[in-house]
Amino acid sequence: MEFRIAADELKKALHRAQGIVERKATMPILSNVLVNATKTGVTVTAFDLDIGIVSDHPAEVSKPGAITVSAKTLFDIVSLIPDAHLTIKKLPNNYAEITSGAAHYKIVGMAPEEFPKLPKEDATHLVNLTGSTLLEMIKKSQYAISNDETRYILNGVFFEPREGNRVRMVATDGHRLALVEREMSGDFKLKAGVIIPRKGLFELKRLLDEAPDAQCQLGFAENSALFKKPGLSMVMRLIDGQFPEYQRVIPKEGEKQVMVKRTAFFDALKRISLLSADKSSAVKLSLSENLLRITANNPELGEAKDDLEVAYRGPSLTIGFNARYILDVLSALETDEVTLELGDEHSPGVLHAPGDKAYTAVVMPMRV
């Protein structure tokens, strides 16, 4: 095997691989990428047995062949080589020779036959969509995914087809919930929803970030998901399990509806939470007519308070929340104002854009 390729082109493929390859893998070959040179160009594959990415790249191939080499080592080399192009040549005993200008490297590789096979894509029904819609849905739900490995079914986002070509993504960690629903012109042919794992979702987000407005495809088959865009495909295993009945957590419309400026609310929460307890980020919201007072109290640091003008008429209420949870929601929203729905001090708070519940966040209260 021997080929010449633009350094930026190979670097792009290796950068994508960094989030997937296993650094401390029980199978050493999972730390490698599979580089396959054919007459039409070069493909680079990264696979950790759960997530796989295959990307196509133009190259001058003088001798077709394949090799696997350390993804990190090759990425570090390509990032620092002096010239715009480099040549990779396979040597005996699966060594790879890399030359660029006067720079010369010889690195240890492994036999390509040992690289695990990715799941087959043939049976996957794909739906065309715009990357920006999927990217927005990920950004508005990812923060609520649970990090508790013992509750593995919450370690991802629930992807659920709805009526009228609409799709819903839901994430919850038991303390908060994020729900976003958008229209996608296509039938995913799913009998029920599926759970996309956290790592796979974040890698998908990185790929979408490269070109948010690009047309792409998404589909599901058995226990895997397939994402495609020009020159690249990604496959990932789904979480096997039943997502909780999240609808039960979402309260009916709260009797206390507060309209507040999003940026002012965000800034005030950030200021006051400086004096909240470190782990809980607990703040107290005290609501009265057209006024929202935010307070925090920490015996070791002191106390803080701030008042916000809001649009509200109704009975007074004092309720505690984790400030970080509300800040995450406000960061994901893009409207000038936000509606905060409250019941009593023991009921969850609901946040959404005024008059629009296509994106809804639920935050459980806490004792303060």
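What follows is calculated from the coordinates using simple rules that are stated; it is not laboratory data. For clarity, every value in this text was computed on a predicted model and none was experimentally measured. Every residue, glycine as well, gets a Cβ built from its backbone with ideal geometry; the counts of neighbours run over all protein chains shown.
The figures follow:
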quantity: Selected from ALA13, ASN32, GLY52, residue furthest toward positive end of dipole (the chain; charges at beta carbon); calculated: ASN32
quantity: Dipole in debye (nearest 20) - the chain, about Cα centre, beta carbon charges: Lys, Arg +1; Asp, Glu -1; calculated: 540 debye
quantity: Across LYS120/LYS229; LYS24/LYS63; LYS199/LYS256, pairs whose alpha-carbon gap is larger than 26 Å; calculated: LYS24/LYS63; LYS199/LYS256
quantity: Per principal axis, descending, Cα span of segment 145-226 in whole Å; calculated: 35, 30, 25
quantity: C-alpha center-to-center spacing [segment 12-82, segment 205-243] in angstrom; calculated: 19 Å
quantity: Rounded, prolate or oblate (a/c below 1.5 giving rounded, otherwise prolate when a/b exceeds b/c) for segment 198-309 by Cα gyration tensor; calculated: prolate
quantity: Cα centroid of segment 245-268 to Cα centroid of segment 335-368, whole Å; calculated: 1 Å
quantity: Degrees, to the nearest 10: 198-210 long Cα axis against longest axis of the chain; calculated: 80 degrees
quantity: Overall Cα dimensions of the chain, principal axis frame, Å, largest first; calculated: 79, 49, 35
quantity: Helix 323-332 axis, angle to the chain major axis (alpha carbon atoms, nearest 10°); calculated: 60 degrees
quantity: Neighbour net charge for GLY174 - beta-carbon separation under 14 angstrom, K R +1, D E -1; calculated: -1
quantity: Eligible aspartates and glutamates near LYS270 by straight Cα distance, threshold 18 Å, same-chain separation 8 or greater; calculated: ASP278, GLU303, ASP306, ASP307, GLU309, ASP328, GLU334, ASP336, GLU337
